[in-house]
Amino acid sequence: MQAASSFAIGLIFDPFDQEQKWNDRPTWQKAVLFVHLAVAAAFFGYAIGWNDK
């Protein structure tokens, strides 16, 4: 669960130019952020499911 939290916090620290609007970002940057979000959600889902005994 700690790994999921730490991984999700990483989304706060956007490594790309934060002054750039979302619509002006390249597609690959959007994809990286969406994949990061998907992995964080998967970690949370796994942690919740694993501890639901």
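The values are calculated or read from the model by the stated rules, or taken from the named source; none is laboratory data. This one's a predicted model, so the numbers in the text were calculated from it and none came from an experiment. Positions of Cβ are generated from backbone atoms using ideal geometry, with glycine treated the same way; all protein chains shown enter the neighbour counts. Note: areas computed on protein heavy atoms with side chains; ligands, DNA, RNA excluded. Shrake-Rupley method; radii C 1.70, N 1.55, O 1.52, S 1.80 Å.
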Across the range 34-53, which residue is most open to solvent (accessible area, probe 1.4 Å) among those that are within 11 Å of Ala8 (Cα to Cα) and of a type in the set (A, V, I, L, M)?
-> Leu37
Report, by residue number, each residue of the chain that is without any contact (Cβ under 8 Å) to a residue 12 or more places away in the chain and charged (D, E, K, R).
-> Asp17, Glu19, Lys21, Asp24, Arg25, Lys30, Asp52, Lys53
Counting only residues that are assigned to a helix (DSSP H, G or I), among the charged types (D, E, K, R) and surrounded by 11 or more Cβ atoms within 10 Å (Cβ to Cβ), how many does the range 1-33 have?
-> 1
